[in-house]
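Notes to accompany the following structure.
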Amino acid sequence: MIHVLDRFRDITTLNVLFRMIAAFLCGGMIGLERSYKNRSAGLRTHVLVCFGASVASMTGVYLAINRGFPTDLSRLGAAVVSGLGFIGGGTILVTGKGRIKGLTTAAGLWATGIIGLAIGAGFYEGAVLAALLVLFVEIFCAKLSRSLRHKPEFQIELTYLKKPALDQIMRCCKDNSFAISNLQVTGSQDTDVPVFTAVISLRSRKYDSLDMLLPRIKATEGVLSAECVSV
């Protein structure tokens, strides 16, 4: 602990102002990075989240220590953490290709709220270190993540007559080191014969193409057609 900051740990008017400034700076640092990348939650959102969390934390400390009320210091903080889940959930989107966007921003908002709670409680050292680490993760780890080689995702569109054929195809995918990430099945009637259509999304850590899998799927009994619709 930094003893120079001990004078700012009590709840006084000067200390409240100090904590507000600290919340603005910590939330603003994270929010600026999100605004620079044109994310849905930017500077204002992160500053307000950090502000609100710090005020909630200070209110709990004030009621318990300065007013002597029999209250649980952690209750307001727990309510803030729960509420942050609703705010962060609004930044998460699922694109048409089934990809999820906004998870990093939602996690950053949640972390910013926790930082605000730490500032409101007078734990400045932890709050500043956490803010710097959040920035490090959002800036430098993003570059590291982009540099990693990701295996492509494949989509196969099937038409088949018998339902057991789909079970055989799924088993074939698994046996050949292809993991099924998504499956959509629709049914239609063609005269008296039921015809089913399925779109299977696949990933593999071993293969970069479907050259060896697609012929085996087409050879499955009951399969009318199978083709790769996206890579």
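A few remarks follow.
Residue-by-condition table, conditions (1) modelled with pLDDT under 85; (2) closer than 26 Å to PHE18 by Cα:
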| site | (1), (2) |
| --- | --- |
| PHE51 | no, yes |
| GLY68 | yes, yes |
| ASP72 | yes, yes |
| LEU76 | yes, yes |
| ALA79 | no, yes |
| GLY89 | yes, no |
| GLY108 | no, yes |
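- Here ILE180 meets the list (1) at pLDDT 80 or above; (2) loosely packed, with under 15 Cβ neighbours inside 10 Å; (3) not assigned by TED's automatic domain parsing to the domain that holds LEU224 almost entirely, failing just condition (3).
- If you go through the range 213-231 and keep only what is over 20 Å from LYS163 (Cβ atoms) and either at pLDDT below 80 or of a type in the set (Val, Ile, Thr) (or both), you end up with VAL229, SER230, VAL231.
- Top-ranked residue in the range 146-170 [being more than 19 Å from VAL195 (Cα to Cα) and outside any helix (DSSP H, G or I); ranked as modelled with the lowest pLDDT]: ARG149
A quick yes/no check of all residues on (1) of a type in the set (Gly, Ala, Ser); (2) at negative phi; (3) more than 25 Å from the chain's Cα centre (by Cα):
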site: VAL4; (1), (2), (3): no, yes, yes
site: PHE8; (1), (2), (3): no, yes, yes
site: ALA41; (1), (2), (3): yes, yes, no
site: THR45; (1), (2), (3): no, yes, no
site: SER54; (1), (2), (3): yes, yes, no
site: PRO70; (1), (2), (3): no, yes, yes
site: ALA79; (1), (2), (3): yes, yes, no
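- Filter result for the condition that a residue is over 19 Å from PHE8 (Cβ atoms) and either in contact with a helix residue (DSSP H, G or I) (Cβ under 8 Å, 6 or more places away or on another chain) or free of Cβ contacts under 8 Å to residues at least 24 places away in the same chain (or both), over SER82, SER57: SER82
- From THR91, THR13, residue being more than 18 Å from ALA131 (Cβ to Cβ) and over 20 Å from the mean Cα position of the chain (by Cα): THR13
- All positions within the range 192-215 that are crowded, with 17+ Cβ neighbours inside 10 Å and not small (Gly, Ala, Ser): PHE196, ILE200, LEU202, TYR207, LEU210, LEU213
The values are calculated or read from the model by the stated rules, or taken from the named source; none is laboratory data. A quick note: this is a predicted structure, and the numbers were derived from the prediction, not measured. Counting neighbours? That spans all protein chains shown, and the Cβs are built from the backbone with ideal geometry, glycine included.
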